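Report on the following structure.
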Amino acid sequence: MSLDRIELRGLRARGRHGCLPAERELGQEFVVDAVLGLDTRPAAEGDDLSRTVDYGTLAGRLVAVVEGEPVNLIETLAARLATICLEDRAVSEVEITVHKPSAPVPHPFTDVAVKIRRSRP
């Protein structure tokens, strides 16, 4: 059986993540995409929010992580965000992409991003 998907894309929050002192001091915007794998049939059959993921609540939890304790690597940030998503028992797997569009790259670029996939053990 393949899983259904709930996609939360382009979630924006300001954080102080990075290895450089200026990144920690000034902060910058991060953009998060979360793609959740789950079975949405129980929610659809009963038209019941409690049987699926409340993506509004999830968005608030993800923003709190981005705005929270700084880390050096966006890989670490992505792992923390994936853990938050998997705390919801309805979620079997998650794909997180953390975009850092203002990364300190000394050349013209569009985006820097880390994408990870995690699943329930």
If I go through region 26-46 residue by residue, how many of them are under 14 Å from GLU67 (Cβ atoms) and of a type in the set (Gly, Ala, Ser)? 1
Given (1) at negative phi; (2) among the charged types (D, E, K, R); (3) open to solvent by 40 Å² or more (accessible area, probe 1.4 Å), identify the lone condition not met by ASP47. (1)
Just a yes or no: is a residue in region 65-78 at pLDDT 95 or above, buried (at least 17 other Cβ atoms within 10 Å of the Cβ) and assigned to a loop (DSSP other than H, G, I, E, B)? yes
Residues that are in a strand (DSSP E or B), surrounded by fewer than 16 Cβ atoms within 10 Å (Cβ to Cβ) and basic (Lys, Arg): does region 17-27 have at least one? no
Return the residues of region 97-115 that are of a type in the set (Val, Ile, Thr) and either open to solvent by 80 Å² or more (accessible area, probe 1.4 Å) or touching an Asp or Glu at 6+ places or on another chain (Cβ under 7 Å) (or both); say none if nothing qualifies. THR97, THR110, VAL114
Residues of region 78-103 satisfying the condition of being closer than 15 Å to SER119 by Cβ and over 10 Å from the mean Cα position of the chain (by Cα): LEU86, GLU87, ASP88, ARG89, ALA90, VAL91, SER92, GLU93
Cross-chain or 6+ apart pairs with Cβ under 7 Å, region 35-59 first and touching a residue at least 12 places away in the same chain (Cβ under 8 Å) and part of a strand (DSSP E or B), then open to solvent by 20 Å² or more (accessible area, probe 1.4 Å) and of a type in the set (A, V, I, L, M, F, W, C): LEU36/ILE6; GLY37/LEU3; LEU38/LEU3; LEU38/ILE6; LEU38/ALA90
Quick check on LEU81: is it within 19 Å of ARG12 (Cα to Cα) and modelled with pLDDT of 95 or more? yes
Within the bounds of region 94-109, is there any residue that is basic (Lys, Arg), in a loop (DSSP other than H, G, I, E, B) and touching a strand residue (DSSP E or B) at 6+ places or on another chain (Cβ under 9 Å)? yes
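The values are calculated or read from the model by the stated rules, or taken from the named source; none is laboratory data. Owing to the predicted nature of the structure, the values given are computational and were not obtained by experimental measurement. Ideal geometry is used to build each Cβ from the backbone, glycine not excepted, and the neighbour counts take in all protein chains shown. Protein only, heavy atoms only, side chains kept; ligands, DNA and RNA dropped before computing areas. Shrake-Rupley method; radii C 1.70, N 1.55, O 1.52, S 1.80 Å.
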